[in-house]
Amino acid sequence: MMFPMESGELEKEVQRQLAIIKEGAVLLEQEEELLQKLRRSLAEGRPLKVKLGADPSAPDLHLGHAVVLRKLRQFQDLGHQVLFLIGDFTGRIGDPTERSETRRQLSEEEVQANAKTYERQVFRVLDPARTEIHFNSRWLAPLTFAQLVELASTVTVARLLERDDFAKRFKEGRPISLHEFFYPLMQGYDSVALAADVELGGTDQTFNLMTARQIQRHYGQEPEVILTLPLLEGLDGTQKMSKSLGNYVALEDPPQEMYGKIMSLPDHLIIRYFRLVTAVPPEETDRLEAGLQRGEIHPRDLKARLAWEVVALYHGQEQAHEAQDHFDRVFRQHELPSELAEMAAGDGTAVDLLVQTGLASSRKEARRLIQQRGVRLAGQLVEDGEALLKWNDGDVLQVGRRRFVRLRRP
């Protein structure tokens, strides 16, 4: 609970909170408005309502989502209230941001299934005591056509076509469905329904967030302050972290898998990940960066520290130590994991074995893994996917660095 604060202490606390809130942010719109909101909040003992919306378009939250979630947690630690909005209505349309074509609309069943995982996973970061979970179908589904017309009147078509993705598609003659124009309007109406004081999002959400300020003004509300956070590159080192691209680390990945994924991160992203996805203080990260640049710290060792920090954050220190020991045993000391799945298999080619054991989902994927020199049998590289393999009972079939199966004769 937040208590009213005397004027002498108030301004000092306002500046302290402002510094914490701004740390790592890309855009703050508007800083003076945030100062006013903080002063009023502290003077009245009323927490700010800080909103984040997420469409349940896929079942897993990942470290990219955690960048914004961790900033929300900072607001909570400062005494404010988080409004975590699950877009069960907007998720059926899909955010057109950065899309080159109309997104496939999800079924209500798909959205609800994904939403259940979001409700659980956000509390790996957020404090349940200071979090309200909302679903935007509660106010968007009952809108009448007259109310929808009023909402549509708040933004011009010319304004919507200023969005880079819409403008590019329009210029290139690619279709834009009318319902896609409604997405930023509905996101803005969410802020009206929740009377949000502050809204967070990635930098790709800037247009939608600015539109929300405009819509709140139309409905007689004080516009929310906008805070955008950097987008996190995925494990490929270039594209935004995304489940569809397979370059993600899920918040619910098992400790060993999470550790191994982080160890595959390109070296140039090590410090960026320290800053965006760990609890390591900025001052210590600065020292680590300086040591890396001077050659005093080996990138591999720093990456191991990063992997440990991430696993400890989501699974605890004991699990982080076990994941580190497992990785060192398997990949540095070239020992097999202490526990291996066993599977009966028959004679066949390497492609046959990979599909039989489930290490490849299709023959096409099996061939690709072999071409990428990622398959070993009994420690030997497999180079010909179509040649008949000779193997003994108990031999280990390995794909990449983290997947193993001990083969057994039926």
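The values are calculated or read from the model by the stated rules, or taken from the named source; none is laboratory data. These figures come from a predicted structure and were not determined experimentally. No Cβ is skipped: glycine too gets one built from the backbone with ideal geometry, and neighbour counts run over all protein chains shown.
Candidates in segment 143-192 are the residues that are β-branched (Val, Ile, Thr) and in a helix (DSSP H, G or I); of these, the one that is nearest to residue 223 (Cα to Cα) is 192.
When residue 179 is tested against (1) closer than 30 Å to residue 38 by Cα; (2) over 24 Å from the mean Cα position of the chain (by Cα); (3) at pLDDT below 85, exactly one condition is not met: (1).
Take residue 235 and tell me if it is over 16 Å from residue 266 (Cα atoms) and either hydroxyl-bearing (Ser, Thr, Tyr) or in contact with a helix residue (DSSP H, G or I) (Cβ under 9 Å, 6 or more places away or on another chain) (or both). Answer is no for this residue. In segment 210-231, of all residues being assigned to a loop (DSSP other than H, G, I, E, B) and out of contact with any Lys or Arg (no Cβ under 7 Å at 6 or more places or on another chain), the one that is farthest from residue 186 (Cα to Cα) corresponds to 230. Residue-level check: of (1) over 22 Å from residue 53 (Cβ atoms); (2) crowded, with 20+ Cβ neighbours inside 10 Å; (3) touching a Leu at 6+ places or on another chain (Cβ under 6 Å), residue 197 misses just (1). Give the residue, chosen from 130, 120, 138, that is within 20 Å of residue 72 (Cβ to Cβ) and surrounded by fewer than 16 Cβ atoms within 10 Å (Cβ to Cβ). None of the others qualify; the one that does is 120.
For the list (1) surrounded by 20 or more Cβ atoms within 10 Å (Cβ to Cβ); (2) closer than 15 Å to residue 65 by Cα; (3) at pLDDT below 95, I need the number of the one condition that residue 208 fails. For residue 208, the failing item is (2).
Residues in segment 193-205 that are under 19 Å from residue 65 (Cβ atoms) and outside any strand (DSSP E or B): 196, 203, 204, 205. Quick check: is even one residue across segment 225-248 more than 20 Å from the chain's Cα centre (by Cα) and not assigned by TED's automatic domain parsing to the domain that holds residue 318? Within segment 225-248 (the criterion being more than 20 Å from the chain's Cα centre (by Cα) and not assigned by TED's automatic domain parsing to the domain that holds residue 318), the answer is yes, since at least one residue qualifies.
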